[in-house]
Amino acid sequence: MQFLHTMVRVTNVEDSLRFYCNGLGLEEVKRIDNEKGRFTLIFLRAPGDKGGQVELTYNWDPETYTGGRNFGHLAYRVKDIYGLCQHLSDMGVVINRPPRDGHMAFVRSPDGISIELIQEGDLPPQEPWLSMPNTGQW
């Protein structure tokens, strides 16, 4: 058995790619536009990771998706959780659960998908993250 991908539905391709690619640093590896089915599939992966991917599914006909939290979350190991959280914050992304412990943080995609960031190795707790409260749900 081999893990292939996790699919999440998105409502805006541009916003989603800005978050996943420009924000988290994932790279697009494949895109399928299905005119008959009226959808686009975009496969993303972390640079250097040949394993499981994230499949963004964009349905061309508008739909309202609720319960993004019911999905659970995606998790990524990162080399510098403080730097990534600062980068995302500078992009306007809310850090729902700041990396107060230097180990774990949560953010949400434009479609409400919870993303867990886990520090590779240990970093000592540091400000401003140490004193930052949680914001919203994660």
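For this structure, a couple of remarks:
- For the stretch 1-67, the convex hull spanned by the alpha carbon atoms encloses 105 Å³ per residue.
- Measuring only protein heavy atoms, the 1.4 Å probe finds Lys50 accessible over about 150 Å².
- With a 1.4 Å probe rolled over the protein heavy atoms of all chains, the accessible area of Asp122, Asp49 falls in the order Asp122, Asp49, largest first.
- Debye-sum result for the stretch 56-115 in log10 I(q)/I(0), which assumes one identical scatterer on each alpha carbon, at q = 0.15, 0.28 Å⁻¹: -0.52, -1.25
- With all pairs of separate Cα atoms included, the chain yields a Kirkwood hydrodynamic radius of 15.8 Å.
- Distance between the 7 Å Cα→Cβ label points at Asn59 and Glu28: 2.2 nm.
- Karplus-derived 3J(HN,Hα), 6.51/-1.76/1.60, for each residue of the stretch 74-85, Hz, glycine and proline x: 9, 10, 10, 7, 10, 7, 9, 4, 5, x, 5, 5
The values are calculated or read from the model by the stated rules, or taken from the named source; none is laboratory data. Because the structure is a prediction, the values reported are computed rather than measured. Neighbour counts run over all protein chains shown; Cβ positions are idealised from the backbone, glycine included. Heavy atoms of the whole protein, side chains included, go into the accessibility calculation; ligands, DNA and RNA do not. Shrake-Rupley method; radii C 1.70, N 1.55, O 1.52, S 1.80 Å.
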